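Here it is, the structure in full.
The values are calculated or read from the model by the stated rules, or taken from the named source; none is laboratory data. Please read all numbers here as calculations on a predicted model, not as lab measurements. All Cβ positions, even for glycine, are placed from backbone atoms using ideal geometry, and neighbour counts span all protein chains on display. These accessible areas exclude ligands, DNA and RNA; they are computed on the full protein's heavy atoms, side chains included. Shrake-Rupley method; radii C 1.70, N 1.55, O 1.52, S 1.80 Å.
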4 protein chains.
Amino acid sequence: MASPVGKKLTGLVAATFTPLTPEGEINLPVIGLYIDYLLEHQGVRNVFVNGTTGEGMSLSVEERKKLAEEWCGKGKGKLEQVIVHVGCMSLKDSQDLARHAAEAGADGIAAVSPSVFKPSDAGVLRQFLQEVAAAAPDLPFYYYHIPALTGVSLLARDVLDGIEKQIPSFRGLKFSGGDLLDFGQCVSYCPSDWSVLYGVDEQLLAGLAMGANGAVGSTYNYLGSRARSLLTAFETGDLTQARTLQFQVQDVISYAVKLGFDVAVNKRLMSEVSGLDLGPPSAPEALPPPPGRLHRAEAPRGRPAGPVPCQNPKRDG
Amino acid sequence: MASPVGKKLTGLVAATFTPLTPEGEINLPVIGLYIDYLLEHQGVRNVFVNGTTGEGMSLSVEERKKLAEEWCGKGKGKLEQVIVHVGCMSLKDSQDLARHAAEAGADGIAAVSPSVFKPSDAGVLRQFLQEVAAAAPDLPFYYYHIPALTGVSLLARDVLDGIEKQIPSFRGLKFSGGDLLDFGQCVSYCPSDWSVLYGVDEQLLAGLAMGANGAVGSTYNYLGSRARSLLTAFETGDLTQARTLQFQVQDVISYAVKLGFDVAVNKRLMSEVSGLDLGPPSAPEALPPPPGRLHRAEAPRGRPAGPVPCQNPKRDG
Amino acid sequence: MASPVGKKLTGLVAATFTPLTPEGEINLPVIGLYIDYLLEHQGVRNVFVNGTTGEGMSLSVEERKKLAEEWCGKGKGKLEQVIVHVGCMSLKDSQDLARHAAEAGADGIAAVSPSVFKPSDAGVLRQFLQEVAAAAPDLPFYYYHIPALTGVSLLARDVLDGIEKQIPSFRGLKFSGGDLLDFGQCVSYCPSDWSVLYGVDEQLLAGLAMGANGAVGSTYNYLGSRARSLLTAFETGDLTQARTLQFQVQDVISYAVKLGFDVAVNKRLMSEVSGLDLGPPSAPEALPPPPGRLHRAEAPRGRPAGPVPCQNPKRDG
Amino acid sequence: MASPVGKKLTGLVAATFTPLTPEGEINLPVIGLYIDYLLEHQGVRNVFVNGTTGEGMSLSVEERKKLAEEWCGKGKGKLEQVIVHVGCMSLKDSQDLARHAAEAGADGIAAVSPSVFKPSDAGVLRQFLQEVAAAAPDLPFYYYHIPALTGVSLLARDVLDGIEKQIPSFRGLKFSGGDLLDFGQCVSYCPSDWSVLYGVDEQLLAGLAMGANGAVGSTYNYLGSRARSLLTAFETGDLTQARTLQFQVQDVISYAVKLGFDVAVNKRLMSEVSGLDLGPPSAPEALPPPPGRLHRAEAPRGRPAGPVPCQNPKRDG
């Protein structure tokens, strides 16, 4: 369903969790239900699969392929766009995943910088991205910028420099960082048909003010409805309302950060909020705090007594 | 002229440079001219003296006192507010400077966290600020938060917690950092008569969107006029124009960052833009690049041929 | 040839490079020659395969298996011990590689901490290591500690705590870090039949003084002979001679660091020193400086005119 | 008593604490007793005054002068060398302190890099040191390298480059860092009549192995006797005994680090061990844990039941 001349990716994109069985095997049957939940309860119509939230880098290549197939297959005719993240430490694996995403019917692919061996300059990283994108030349390609996770301190603006010549299918980036000088320079650089998606959910409003035309994040799995209201308030010029909504989101995230949030906790919360059985994280992690603590902490803020949405801002996307 | 019930500090505040003679002595006679320049050419009516831009921490206590006297004396009846930064490594020195600022007629004082011996938690820092503020209890007191410079990673929101009980004269903070979750939480916490001033000039628009009611920075010495236009555009709801102005500022700062900007360069540029003779920095620094290079670099961007405004975003404030 | 009751791993261990063809495919036929070179020219009889120097984390699982098979097969009867590094981002892949190493006849396996999703405490990491080790319970297992590369700041001593109960096959660690308080505490903790191998080549002498009983590093591929002399001098109590040799090694590494060394350069140098055709690195990297520059730079130090051995201390192991 | 042709500084140097009254005023009468304690109970005959341990950077210039006078005056004829640290954020203040140290009869002066405005390269820092040293040209001058505290990441070896031409009175450095490549390069560079003093107490043995000819640290105030035994064991070639002693020191420091040690705790411990009344730290700090906890923790290790020596390795010197 996708091609580089496809529809521009805008608005909210949920960075999806990966459902696992209690034994740690990928749990494909949950995905169809997951898609229905996003559409019906959160109003979110785009997904970013096998990214940081989806623990893509902790899964085997085979697992990632099966997940991509399921999301593309079940999402067909329902979701607007399924973006498959194909970045990993090995260039060959990334290319393999890119080719597979094209076959599976993805609407676009994205890749993060390798982080064990860090590229020494922006040109080196751009070349890596080029070799990945070239494995699926008919799919829109997005660069996934998340320096706090990768430890790669290159400016996104430097990575973009001339990238349209090296990667004809380049269509934008997911910027998960707090350097809004760099972000603003990216906004200035990008032509209007590229997507500039902001990825730090707790300061989405700042990203919008600086020119983002969409957002990718893990909280949009369970706070998608509220984030859509924020987007609408911003678009209609009601900054006061947008700020009120942003501060509500911040209250949740700020509390979550103090709990030392990681994928394990984030995933459990999504399970609670959605009623979906997402299972444990893919790798050993410290036991998350019992959900009761989260409920209690929320109470004084006067929010409804339902399940509590939270997020790890260090791992958003 | 000041008291804790004085006028709320809002809008633009120039973090002033310290004029020196070629021999490195403070050059007091320049200050009167400097004030006139800010008022007449930049439309800036508030100053933040002896802060980071003013190299306060590199000056002796005596030098800082003379500077504070001159700014307060010459600014009287002209400037709206003169905020004197009194933070230094020694608590006794900071208290001495606070008492002196009151005598000199300052409209407020501010203090940064000590950075050689870093406070181990927010309560320790709050106690330090309390002991400084108590030396000038009739002056509005502001906390100056600049974690990248001090290396103190405490959240500003945690420092604010209950600070109104410990420091009756507390009136707000200058937030020079990129963590807008922390910043937003500060905005939420502060009562409406406190000042929440943002201090990262290159992303002022993001700070405004998140609720800042003013800004302190070094670029407002020479880009004050443009920044005022940005503020006006934001206040009138013209985000597109605000963003255009912000991107113009970013172009200058982004270029400056690539030159490895520091106080020496920043100061030389202010000298060029303003025609004031600000002299060298107070401590040995690498020789700044010849100004000609800066002029040339600006040319292709099509800006007017006048002097070139630049700034070091790492040292703004 | 291996079992947990096998011979204790001591002395020098070369962290091997991975030979590639110009097209970037693994070049297995070089490995037999490589083994002969290590034995005959450097006197090194132990290897650490698919580690950081070998770019293990940038290779696909299949490539790593083929490399392990070749090193174990060709090394049989020649090398004393072949340790196969099986750590990667995916637990399943690591377990797969551990099982394979046992089948391939490795003398031991090692694993680094996952670094995209960092373990939140030492217990979480220990559990990850346990699940890897359990996939090859008859092979000696080593923890590979390299915090500067992984960004995991856990103390090695905390990871070791009680590890013998969780991992019966545990036999020691490769410590590639500069925190010699942590290192000393590890030395104190380890029983005498475990191996405590130091991994920062440029300060091997410090590691020995603190109690290391061996060393793993990339420079031992081409500086092995000199490092063996250093070990001998230390063991015979001739600290002055050991220091002289250490300083010679430091001169080379210090120079290399200034060139911004990475695997690409390191690999090219090994190619030059050894005459083996190791090829390019496995992922795009900045072009290394022409070797001529390295030769010239060395000249003033009066070393022989032969090829120049260098190393990247950030990636040693 | 001092001159640049004076006796080379070697062996143990105690980085002294600053005695304060409960009200936070400097408590000069304690210093005479302090000197007697160091000589009689620890066998330490050299001191480093107003450094990090002494909280020099938190004291006013006047306080530092009085302290220097007292140490020099009371130490005369008793101590071998009194080195006065004169580094502070202000060049003028540092020069003032240097001149004063000469008048007070110090045997040498030392200075750390300014850390609020960090020197942009080694030449800039060298020029700063030159201007400080020139204020007391007849006193041996030492560079105090402590990158973890200052955040200045320049290599000490680069700072030393050609320093003997710029600073005729230069006589060595105190190296408080873990980069033993840099340290080894300094050892190689320094002529035999310079002092190369290592400043990380928990890995003193590594520093000695790499060529240190002395040590400066806070633990030598209360662990001086044991550290002298370590030095003796090392000098007589008994590395096993030296390592045993080093590990004993590490046990104490490792425990202390887990308590989150800072000057407050370190100072209280020295008070307990020595019986001297050193008072609180000079600035607000978190309350130290009750000493009882420290005593208990020590007990199982079988050390004598006396007061417990501890240290903050992040602040040694």
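Take the conditions within 14 Å of chain D (Cβ to nearest Cβ), among the basic types (Lys, Arg) and part of a loop (DSSP other than H, G, I, E, B) and apply them to B:LYS118. Does it pass?
Yes: the conditions hold for B:LYS118.
For (1) away from every other protein chain (no Cβ under 12 Å); (2) open to solvent by 30 Å² or more (accessible area, probe 1.4 Å), each residue gets a yes or a no:
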{"site": "D:ALA136", "(1), (2)": "yes, no"}
{"site": "D:PRO140", "(1), (2)": "yes, no"}
{"site": "D:ARG157", "(1), (2)": "no, yes"}
{"site": "D:ARG171", "(1), (2)": "yes, yes"}
{"site": "D:VAL196", "(1), (2)": "yes, no"}
{"site": "D:GLU202", "(1), (2)": "no, no"}
{"site": "D:LEU205", "(1), (2)": "no, no"}
{"site": "D:LEU208", "(1), (2)": "no, no"}
{"site": "D:ALA212", "(1), (2)": "no, no"}
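Pairs under 7 Å by beta carbon, first residue of a type in the set (Phe, Trp, Tyr) in the range D:257-278, partner part of a loop (DSSP other than H, G, I, E, B) and open to solvent by 40 Å² or more (accessible area, probe 1.4 Å), six or more apart or different chains?
none
Of everything in the range A:45-66 that's touching a Gly at 6+ places or on another chain (Cβ under 8 Å) and in a helix (DSSP H, G or I), which residue is modelled with the highest pLDDT?
Going through the qualifying residues, I end up with A:ARG64.
Hey, among D:VAL249, D:VAL216, D:VAL273, D:VAL263, which residue is more than 17 Å from C:LEU239 (Cβ to Cβ) and at the interface with chain C (Cβ under 10 Å from one of its Cβ atoms)?
D:VAL249
Restrict the check to the range B:68-77 and report whether at least one residue is farther than 20 Å from B:LYS7 by Cα and in contact (Cβ under 8 Å) with a residue 60 or more places away in the chain.
no
Condition first: touching a helix residue (DSSP H, G or I) at 6+ places or on another chain (Cβ under 6 Å), open to solvent by 30 Å² or more (accessible area, probe 1.4 Å) and more than 26 Å from C:VAL265 (Cβ to Cβ). Now tell me which residues in the range C:66-77 satisfy that.
C:GLU69, C:LYS74, listed by residue number.
How many residues are open to solvent by less than 20 Å² (accessible area, probe 1.4 Å) and among the acidic types (Asp, Glu) if we restrict to the range C:95-134?
Result for the range C:95-134: 1.
Still on this structure, please answer the following. Just give me the residues in the range A:27-44 being outside any loop (DSSP other than H, G, I, E, B) and open to solvent by 30 Å² or more (accessible area, probe 1.4 Å), in sequence order.
Passing the criteria: A:PRO29, A:LEU33, A:ASP36, A:LEU39, A:GLU40, A:HIS41.
Picking from C:THR232, C:THR240, which residue would you name as being without any contact (Cβ under 8 Å) to a residue 12 or more places away in the chain, in a helix (DSSP H, G or I) and more than 13 Å from chain D (Cβ to nearest Cβ)?
Going through C:THR232, C:THR240 in turn, just one is without any contact (Cβ under 8 Å) to a residue 12 or more places away in the chain, in a helix (DSSP H, G or I) and more than 13 Å from chain D (Cβ to nearest Cβ): C:THR232.
Do we find that A:GLN241 is more than 25 Å from A:ASN50 (Cα to Cα), in contact with a helix residue (DSSP H, G or I) (Cβ under 9 Å, 6 or more places away or on another chain) and open to solvent by 10 Å² or more (accessible area, probe 1.4 Å) in this structure?
yes
Now for a different question. Pairs, please: C-beta under 6 Å, at least 6 apart or cross-chain, first residue assigned to a loop (DSSP other than H, G, I, E, B) and in the range D:13-26, second β-branched (Val, Ile, Thr)?
Correct list of pairs: D:THR16/D:VAL47; D:THR16/D:VAL49; D:PHE17/D:THR53; D:PRO19/D:VAL30.
Still on this model: Please count how many residues of the range A:219-229 are touching a Phe, Trp or Tyr at 6+ places or on another chain (Cβ under 6 Å) and within 14 Å of chain B (Cβ to nearest Cβ).
Here the count works out to 0.
Here is a follow-up. Restricting attention to the range C:49-65, which residues are in contact with a Ser or Thr (Cβ under 7 Å, 6 or more places away or on another chain) and open to solvent by less than 10 Å² (accessible area, probe 1.4 Å)?
Result: C:VAL49, C:THR53, C:GLY54, C:GLU55.
OK, next. What's the number of the only condition in (1) within 24 Å of D:THR53 (Cα to Cα); (2) free of Cβ contacts under 8 Å to residues at least 24 places away in the same chain; (3) part of a helix (DSSP H, G or I) that B:LEU125 fails to meet?
(2)
Please determine whether any residue of the range D:217-225 is buried (at least 23 other Cβ atoms within 10 Å of the Cβ), touching a Pro at 6+ places or on another chain (Cβ under 9 Å) and in a helix (DSSP H, G or I).
yes
Can you find a residue in the range D:276-295 that is modelled with pLDDT of 80 or more, part of a helix (DSSP H, G or I) and of a type in the set (D, E, K, R)?
no
Shifting gears a bit: Might you let me know whether the range B:6-15 holds any residue that is open to solvent by 30 Å² or more (accessible area, probe 1.4 Å) and at pLDDT below 95?
For the range B:6-15, residues open to solvent by 30 Å² or more (accessible area, probe 1.4 Å) and at pLDDT below 95: present.
Restricting to the range D:67-96, give me the number of residues that are out of contact with any Cys (no Cβ under 7 Å at 6 or more places or on another chain), within 14 Å of another protein chain (Cβ to nearest Cβ) and outside any strand (DSSP E or B).
Number satisfying all stated conditions: 11.
Also: For the range A:28-56, how many residues are in contact with a strand residue (DSSP E or B) (Cβ under 8 Å, 6 or more places away or on another chain) and over 19 Å from A:LEU79 (Cβ atoms)?
1
Right, something else. Taking B:LEU181 as the residue in question, decide whether it is open to solvent by 10 Å² or more (accessible area, probe 1.4 Å), in contact with an Asp or Glu (Cβ under 6 Å, 6 or more places away or on another chain) and within 14 Å of chain A (Cβ to nearest Cβ).
Against the criterion (open to solvent by 10 Å² or more (accessible area, probe 1.4 Å), in contact with an Asp or Glu (Cβ under 6 Å, 6 or more places away or on another chain) and within 14 Å of chain A (Cβ to nearest Cβ)), B:LEU181 qualifies.
Yes or no: C:ALA111 more than 10 Å from every other protein chain (Cβ to nearest Cβ), of a type in the set (A, V, I, L, M, F, W, C) and closer than 19 Å to C:GLY177 by Cα?
yes
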